[in-house]
Amino acid sequence: MDYTALPRNDVLCIDMRSFYASVECVKRGFDPMTTMLAVVGDKNRSGSIILAASPTLKNKHGVKNVSRYFDLPDDPLIHVVEAKMGDYLKVSVEITKLINQFVPKEAIHQYSVDEVWVTVNGLGKIYGSSWNIAKLIKNELLETMGLTCSIGIGDNKFLAKVVMDLYAKKDGIAECRYEDVKAKLWPTPIEDIWGIGKRMMRNLNRMGIVNLGQLANYSLERLKKRFGVMGEQLYWHAWGVDLSPVIGNFEKQSQKGFGHGITLLRDYDDEEVFACMLDLAEEVCRRARTAGQAGRTIHLGIGYSQETGGGFSRSRSVDLPTNITMDIYNICIQLFQEFYDGKSKIRRVFVTLDHLYDDEETQLDLFEDRTKRKDIGYVMDAVRARYGPTALLRATSFTNSGVTLERSKKIGGHKA
């Protein structure tokens, strides 16, 4: 591989160590690196998932983030706390503000609440090498916020992310340049590489590809024929090549659709589910109106309870783009009545609106005054924006089948 024509950047991938657990430790005055603490979604449910475990808890008892509350050992030194997603989002914003002291906003690409890419090109004269900048940020986070992090350094986002996953989580800071790919990355099993899931791992294993080096030396044409564009991306990643932008407005993304779904806390019957569908349709339309968008295709997904399993996912298109709640809701009713099996209990529901258009470009209907109906939605949105998301709700939201009130207390499905 000739790397001379490829762009070389100084990219950091910063990952906060056991972020949720560390934030909870700092809130209580504990040392995140020595305290055993687990963050669960709901302490009242023994089957609740452990969202985060402190490093000491992981090392001593082997607790993982996918473990359940009832899996925790009976150790009096273990602290168990409920997740507070609002707190984690606030801390994440403060971390981004801190990084913004070193680099401009267009050099920061937020990947998740606890992980971020930072491009530090051209900062050598101010702060020194990429290693020095990584140490500065790492020390600043520890001294000002009490939080530890792992940092990967690479010529692009992929190399920074992978070397962070493989080496920096042990050593604190690690670096991988193009010339290091063969020695540092090729011996790695493919399942340990970012972007390769279990299904892809099984497909590659059947082709005799076990580690990244074998993937790099496999035929590009055969990979493209087998996996399409994904196969080509896998090949170039195996050589450490990633041409995704490292500077830009990473907040601005083209919206392809608006979706909202929920896994219900109990099984619903066919009459109860209508209130849930109306709440979801309302939220989907609110988001579409906020973005100034309207859509022509409505999707309804229904998942049955574990006893029966299965479900259905169907869609229907309308002639005119819409973001009117009752339009979406009525289509969902039609889809439900057509495809529901008539007997199964319901545990999951999702509603999606796509095939989007700008709202101001939508056509008028000569046979119906749609303007008033649209205006009602925008007025309701304005009231909620000013006085809170539950300031104005439909009557069905207050029934036992409604989901809006309960979801308003949560962020990402967990308590705010």
Difference of contour (0.36 nm per residue) and Cα-Cα distance, residue 256 to residue 386: 44.1 nm
Per residue, in Å², the accessible surface of the stretch 295-365 once ligands and nucleic acids are set aside, probe 1.4 Å: 51
For residue 18, residues with placed amide H under 5 Å, excluding near neighbours: none
For the stretch 237-278, with +1 on Lys and Arg beta carbons and -1 on Asp and Glu, the positive-most of 264, 246, 278 along the dipole: 246
Residue pairs, from the table 169/224; 198/224; 64/161, whose Cα atoms sit over 25 Å apart: 169/224
Estimated translational D of the stretch 108-192 in µm²/s (Stokes, Kirkwood radius over Cα pairs; 20 °C; 1.002 mPa s): 158
Net length gained if the chain between residue 3 and residue 398 were fully extended (0.36 nm per residue, minus Cα distance): 136.1 nm
Acute angle (nearest 10 degrees) that the helix 370-387 long axis makes with the longest principal axis of the chain, alpha-carbon atoms: 50
1.4 Å probe accessible area per residue over the stretch 80-152, in Å²: 47
Charge tally in the Cβ shell below 13 Å around residue 92, where Lys, Arg are +1 and Asp, Glu are -1, residue 92 excluded: -2
Fraction of accessible area attributable to carbon and sulfur, the chain (%, probe 1.4 Å): 51
Formal net charge of residues neighbouring residue 17 (Cβ-Cβ distance under 14 Å; K, R +1; D, E -1): -3
Protection-proxy order for peptides 9-19, 87-97, each taking the mean of Cβ atoms within 10 Å per residue, highest first: 9-19, 87-97
Relative contact order %, the stretch 182-309, counting alpha carbon pairs below 8 Å whose residues are six or more apart: 16
Considering only the chain, percent of DSSP beta bridges that pair antiparallel, nearest 5: 85
For the stretch 230-252 versus the stretch 132-195, the gap between their alpha-carbon centres in whole angstrom: 17
Under 14 Å, Cβ to Cβ, from residue 208 - net charge with Lys/Arg +1 and Asp/Glu -1: +4
Simple Cβ-charge dipole of the chain, Lys/Arg +1 and Asp/Glu -1, about Cα centre, in debye nearest 20: 720
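Which order do the peptides 206-213, 174-181 take when ranked by the mean count of other beta-carbon atoms within 10 Å per residue, highest first? Numbers along the way, then the final one.
Numbers: 206-213: 15.5, 174-181: 20.0.
Ranked from most to least packed, the peptides come out as 174-181, 206-213.
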Largest-first principal axis extents, alpha carbons of the stretch 250-324, Å: 41, 33, 19
Efficiency of FRET between residue 188 and residue 140 - r from beta-carbon atoms, R0 22 angstrom, step 0.05: 0.10
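The values are calculated or read from the model by the stated rules, or taken from the named source; none is laboratory data. The shown structure was predicted, so the numbers you read here are calculated from the model rather than taken from an experiment. Note that each Cβ is placed from the backbone with ideal geometry, even for glycine, and that neighbours are counted across all protein chains shown. These accessible areas exclude ligands, DNA and RNA; they are computed on the full protein's heavy atoms, side chains included. Shrake-Rupley method; radii C 1.70, N 1.55, O 1.52, S 1.80 Å.
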